[in-house]
1. Only one of GLY252, GLY266 is in contact (Cβ under 8 Å) with a residue 60 or more places away in the chain, in contact with a Pro (Cβ under 7 Å, 6 or more places away or on another chain) and more than 15 Å from PRO328 (Cα to Cα); which?
2. Let me confirm something: among LYS244, LYS253, which residue is touching a Phe, Trp or Tyr at 6+ places or on another chain (Cβ under 7 Å) and buried (at least 21 other Cβ atoms within 10 Å of the Cβ)?
3. When you scan segment 253-274, how many residues do you find that are outside any strand (DSSP E or B) and among the β-branched types (Val, Ile, Thr)?
4. Since ASP11 meets every condition but one in (1) over 30 Å from LYS349 (Cα atoms); (2) surrounded by fewer than 15 Cβ atoms within 10 Å (Cβ to Cβ); (3) acidic (Asp, Glu), which condition does it not meet?
5. Quick one: PRO213 ticks every box in (1) touching a residue at least 12 places away in the same chain (Cβ under 8 Å); (2) part of a helix (DSSP H, G or I) bar one, so which box is it?
6. Assigned by TED's automatic domain parsing to the domain that holds THR152 and in a loop (DSSP other than H, G, I, E, B): is that true of THR231 in this structure?
7. Of the numbered conditions (1) without any contact (Cβ under 8 Å) to a residue 40 or more places away in the chain; (2) within 26 Å of GLN105 (Cα to Cα); (3) surrounded by 14 or more Cβ atoms within 10 Å (Cβ to Cβ), VAL54 satisfies every one except a single condition; which is it?
8. Taking segment 25-41 only, how many residues are buried (at least 21 other Cβ atoms within 10 Å of the Cβ) and not aromatic (Phe, Trp, Tyr)?
Amino acid sequence: MLANAHPALEDFAAAIVHWQQQAGRHDLPWQTSRDPYPIWLSEIMLQQTQVSTVINYYQRFLARFPTLQALAHATQDEVMPYWAGLGYYARARNLHRCAQQVAEQWGGQFPREVCDLQQLPGIGRSTAAAIAAFAYGERQAIMDGNVKRVFTRYFGLYGNPASRAVEIELWDCAQSVLDAADPKLDMAAYTQGLMDLGSGCCTRSRPSCEQCPLNTWCYARLESRQHELPTPKPKKAGRERQCKMLILEQNGKILLEHRPSRGIWGGLWSLPQYDDQHALADACLGLGADIEQGQKMASLLHVFSHFKLHIEPWYLRGPLTRVAEPSPEQAWVAVEDLPGAALPAPVRKLLCGINEIIGSAGKHIP
């Protein structure tokens with residue numbers, strides 16, 4: 001139930017547009033075009049990732065795949081190196097599938113209708129609305145994490161924002177704002193303004209209420225409840241996992257393993273990973289190596305959204321006792337080719353950590 005009995009809906013959207021024009025962001029690389037392809041690319045990259053992180057990835061990706069057709073005609077192995085390090089790799093796989101589907105079923109042109117956009121891989125309700133608003137000026141409400149924070153505080157909406165009941169109310173609030181707004185509302189400015197307000201002003205901690213264009217009628221500011229809204233999600237017990245990773249070098253090459261499409265780092269190349277020391281030792285024997293001759297390196301902690309992974313890396317250099325035959329999902333990759341490989345960020349960090357060791361053999365991992 002909404003606590004704000006006087007939300008002044010008729011002024012909400014206009015205030016956001018005016019604020020965005022004065023104080024919002026106008027220099028983001030994807031703001032220079034109404035072409036739905038770069039807009040879609042930016043929206044997918046920005047899911048659960050900060051703008052400052054996305055910009056370099058976006059520019060590099062677009063330089064390699066400047067059109068939807070270029071992306072659709074590429075293989076997944078060609079795409080993944082340009083996403084490696086950005087995380088949430090299902091986004092990259094869906095991105096590739098979406099490009100192929102638009103090319104095959106929509107003649108290479110993104111559909112204009114939100115209902116059609118939502119049928120494409122990786123595009124949900126809010127992403128579809130953002131694409132339609134930015135590319136076509138469609139009057140559609142969005143609801144990402146930052147926008148949820150703005151609406152829960154302004155309307156005084158309590159309850160877990162991830163729950164179905166609260167989410168329905170949030171969408172109703174978003175739609176009611178658009179229903180009350182001027183028919184000639186600048187949808188691109190309004191949509192961008194909501195995003196900017198949530199990320200730069202109505203922040204999770206220490207919101208800048210004095211600079212907020214909605215402060216006159218905001219429930220959280222009027223009642224000093226900013227710290228209570230949005231209602232914190234119930235905390236889950238943190239999960240932790242342990243694994244061993246093998247850095248096996250032979251003749252200036254490193255053994256890599258292609259990760260399955262599903263699961264963490266799906267579709268990327270990684271180091272062979274094992275649950276315990278016995279599995280690691282057995283794998284080494286199968287490759288003609290002895291783990292007892294290996295060097296245990298400093299452990300590395302990598303934090304995912306839902307668990308922590310403790311990585312214990314082992315470095316082992318040949319010559320091997322016999323020619324090692326990798327499994328079908330494994331491959332020997334030359335050290336000089338590693339910079340172009342689609343490696344997860346922690347794996348790249350581990351490989352960089354053995355530069356000094358490999359350097360003695362005249363090799364270097366950038």
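1. Details: GLY252 fails: in contact with a Pro (Cβ under 7 Å, 6 or more places away or on another chain).
The unique qualifying residue is GLY266.
2. Numbers: LYS253 fails: buried (at least 21 other Cβ atoms within 10 Å of the Cβ).
Testing whether each residue is touching a Phe, Trp or Tyr at 6+ places or on another chain (Cβ under 7 Å) and buried (at least 21 other Cβ atoms within 10 Å of the Cβ) leaves just LYS244.
3. Keep residues of segment 253-274 that are outside any strand (DSSP E or B), which gives 259-268, 271-272.
Now narrow it down to the ones that are among the β-branched types (Val, Ile, Thr): 264.
Looking only at that region, the number is 1.
4. (2)
5. Failing condition for PRO213: (2).
6. Numbers: assigned by TED's automatic domain parsing to the domain that holds THR152: no; in a loop (DSSP other than H, G, I, E, B): yes.
Spelling it out, it is not the case that THR231 is assigned by TED's automatic domain parsing to the domain that holds THR152 and in a loop (DSSP other than H, G, I, E, B).
7. That leaves (2) as the condition not met.
8. So the count comes out to 4.
The values are calculated or read from the model by the stated rules, or taken from the named source; none is laboratory data. Note that the structure is predicted; figures quoted are calculated from it, not measured. Please note: Cβ atoms are built from the backbone with ideal geometry, for glycine as well, and neighbour counts cover all protein chains shown.
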